[in-house]
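Worksheet: the structure to be examined is printed underneath.
The values are calculated or read from the model by the stated rules, or taken from the named source; none is laboratory data. Here the structure is a predicted model, which means the values were calculated and not measured. We place every Cβ from the backbone using ideal geometry, glycine too, and count neighbours over all the protein chains shown. Each accessible area value is taken on the protein alone, full model and side chains, heavy atoms only, with ligands, DNA and RNA left out. Shrake-Rupley method; radii C 1.70, N 1.55, O 1.52, S 1.80 Å.
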Amino acid sequence: METGTEGTADPGAGTAGEPVWTGLPRGLLRVRRLLLALWLVPLTILAGALLGAFAGGAWAAFALLPLAALLWGWAMLGRNWRSWRYAERADDLLISRGVLWREETIVPYGRMQLVEVTSGPLERRFGLASLQLHTAAAATDATIPGLTPPEAERLRDRLTELGEARSAGL
Amino acid sequence: MTAPDAPADAPGAADAPGDAAARERRLHPVTPLRRAWAPVAVVLGWAAHDLNEAQRRLVQLTATTVLLGLAVLIPAAALYGFLSWWFTHFSVTDTELRIRTGLLFRRTAHIRLDRIQAVDVTQPLLARFIGVAKLRLDVIGADKRDELAFLGEREARALRAELLARAAGFAPESVHDVGEAPAEQLLHVPPRMLAVAILLTGAPFAMLLAALVVPSLLWLATHSLWTVVAAAVPLLGGAGTNSVGRFIKEYDWTVGESPDGLRIDHGLLDRDHETVPPGRVQTVRIVEPLLWRRLGWVRVELAVAGSSNSVLVPVAPREVARGVVERALPGVTVPGAEAFTRPPRRSGWCVPLWWRGYGLATTDAVFAARHGLVRRRLALVPHAKVQSVRLTQGPWERWRGVADVHVDTGANQTVTARLRDAGEAVELLRAQADRSRTGRRVARPDRWMSS
């Protein structure tokens, strides 16, 4: 499976106790870029054609704005996708994400109340599923988007099993 | 009507205490009166809403219409009240409290006793005269409708003792003999201290000031007496009711400790008796408003999952409050001021001035974070209560090499240690996850009397 962090060596990945990170499959990035292109490519063409036809060549340069947005967004989506990673440790799950606003969440297996796998119509079309963990604290925001359905199900089953074994009350 | 005989009226309430398993009971027979108020309140509300219309209608009424109206209204109210009482049952099994209710829409709530977070017995003023009380179990996700209102005063106490004994894990046959656990008083707030403390919060003065300034401005702007009166009365009323209401609610505040957990009793008119079983407190906050600092007073708030009660001590000297907190969170010592480490100086770029107010101390039992310069707040989370740990870092914070660590608890409160050095924050994140895991292993079981 092609993953985002395969190439990027984790600092200190070899040392004992350091988590083994897994990135997200490339599918999520593909879908997000596709959506971006679906919106911005027609917009660029439309803006260029209309402005070129009615306002003159100089005005058509404004069509470069959506194009710039497209290129910038393309790069940003890549960076964001690469920043997502998760690690299953012996007793807890780590999720790390974000480029500008970084966030790293640790959820102990014993605290999981509910593990949810969701897949919307678009996600299903591209063979993706997201996994969401709920604890008794509503502030816990532990979601892993864009997993392949078999991986999501494997993770769900494993987390449920580990959660049962280490279950603790409130 | 007196309370002691009342439960005996309810069918099935007074038989021998043998097999109590699924014996169904009804609420106190005065309960229908509570519901019977509804139609009268609707009529009164309508009359107050449109006074002129009501007066005209009143003049038109003849004695016969009045009598006819009452003849319909009173039996209807009585019937509604009676039926809703008749169709409400509750029973206590070994593991659950079951409440069955509803005339048209049946509703059955099964509340698991080992999941009890707190038990409240409350007595509104009127209920105190009649000798009845409400009993509510705080469970996560429980509904306001799941309270037992009303029970006889003595029955409510007995039921609370029984529920706590079952929740604690006493053997089913001994539950009735265990009785009420003895309580040892930890703290009592004298009324004078409470009054001074409420005045010193500054809220009453702020409201009073607003009540004087706003109408004067309005007078200058409009010169209309009615506008001024319309603005001043609610403001003055608000200033009064806010403080007086708080005084009435927190009057005679007593905190006690018993094997069943913390006991909190308070109230001048409405009496509240709360019981928080051991190991249910998720977070404790010690708040120190500016004007209390000279007197060395603090307020202590606590968070219990699924419960709306939030005050542990309305006001107490710092050392006394510390003692109560250490009883509420067994095994925890409140770190002293010297134990807290401040964020690095460079974090002043992220939060100017206020960065000095932040502080963090972790012991092997508790995660303690402090914030606030004017109104100091200290939040304590026992490691065993941590649901998840998060580290966040915005671009601005990354530039200065600092990060925030959040600790989420089950009472939907998040305690944040802000602006820690980035390296330290990562270490703190990992260490906190480990500590929470080991903390849970040594925590007491849900059924606190079973070992």
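Tabulated data
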read-out: Burial of 30 Å² or greater, segment A:98-115 residues [accessible area, probe 1.4 Å, versus chain by itself]; value: A:LEU100, A:TRP101, A:ARG102, A:GLU103, A:GLU104, A:ILE106, A:PRO108, A:ARG111
read-out: Per residue, in Å², the accessible surface of the protein assembly as shown once ligands and nucleic acids are set aside, probe 1.4 Å; value: 51 Å²
read-out: ³J(HN,Hα), Karplus 6.51/-1.76/1.60, whole Hz, each residue of segment B:315-323, x for Gly, Pro; value: 7, 6, x, 3, 5, 5, 4, 4, x
read-out: Trypsin sites (Lys or Arg not before Pro), loop per DSSP, at most 11 other Cβ atoms within 10 Å - longest free stretch of chain B; value: B:107-293
read-out: As computed over the protein assembly as shown, the Cα convex hull volume per residue (Å³); value: 279 Å³
read-out: Interface residues in segment B:363-398 - accessible area drops by 40 Å² or more relative to the isolated chain, probe 1.4 Å; value: B:GLN387, B:SER388, B:ARG390, B:LEU391, B:GLN393, B:PRO395, B:ARG398
read-out: Size of segment B:280-379 as Cα extents on the principal axes (Å, biggest first); value: 38, 32, 27
read-out: Relative pair counts by distance (%), Cα atoms of segment A:28-78, 5 Å bins; value: 5, 23, 27, 18, 12, 9, 5, 2
read-out: Heavy-atom accessible area order for B:PHE87, B:PHE105, largest first, 1.4 Å probe; value: B:PHE105, B:PHE87
read-out: Chain B, Cα convex hull volume normalised per residue, Å³; value: 205 Å³
read-out: Cα gyration tensor shape of segment B:188-322, rounded if a/c is under 1.5, else prolate or oblate by comparing a/b with b/c; value: prolate
read-out: Share of carbon and sulfur in the accessible heavy-atom surface of segment A:28-78 [1.4 Å probe, %]; value: 85 percent
read-out: Convex hull (Cα only) mean projected area of segment A:13-143, reported in nm² to one decimal; value: 11.1 nm²
read-out: Cα-centre dipole for the protein assembly as shown with unit charges at Cβ (Lys and Arg positive, Asp and Glu negative), debye to 20; value: 1680 debye
read-out: Alpha-carbon Debye profile of segment B:103-225, log10 I(q)/I(0) at 0.17, 0.20 Å⁻¹; value: -1.01, -1.18
read-out: Angle between chain A longest axis and helix A:26-54 axis [Cα atoms, degrees, rounded to 10]; value: 20 degrees
read-out: Heavy-atom accessible surface of segment B:103-260: percent carbon and sulfur, 1.4 Å; value: 67 percent
read-out: Stokes-Einstein D in µm²/s, Kirkwood radius over Cα pairs - segment A:85-165 at 25 °C with 0.890 mPa s viscosity; value: 188 µm²/s
read-out: Projected area, mean over directions - segment B:30-145, Cα convex hull, nm²; value: 10.0 nm²
read-out: Area buried, chain A against chain B - accessible surface, total, 1.4 angstrom probe, square angstrom; value: 2300 Å²
read-out: Carbon + sulfur, % of accessible area of segment B:269-367 - ligands and nucleic acids excluded, 1.4 Å; value: 54 percent
read-out: Local net charge near B:ARG418, Cβ-Cβ under 13 Å (Lys/Arg +1, Asp/Glu -1); value: +3
read-out: Neighbour net charge for B:PRO124 - beta-carbon separation under 11 angstrom, K R +1, D E -1; value: +2
read-out: Percent of alpha-carbon pairs separated by more than 18 Å within segment B:275-442; value: 60 percent
read-out: From phi via Karplus (6.51, -1.76, 1.60), per-residue ³J(HN,Hα) for segment A:100-113 in Hz, x at Gly/Pro; value: 7, 9, 7, 9, 10, 10, 10, 10, x, 4, x, 8, 6, 9
read-out: Selected from A:GLY56, A:GLY110, A:GLY48 as most flexible by GNM, with chain A as the system and alpha-carbon contacts under 10 Å; value: A:GLY56
read-out: Value of relative contact order over segment A:28-78, rounded to a whole percent, pairs C-alpha under 8 Å and six or more apart; value: 44 percent
read-out: Residue with peak Gaussian network fluctuation, chain A [Cα springs, cutoff 10 Å], from A:ALA37, A:ALA139, A:ALA68; value: A:ALA139
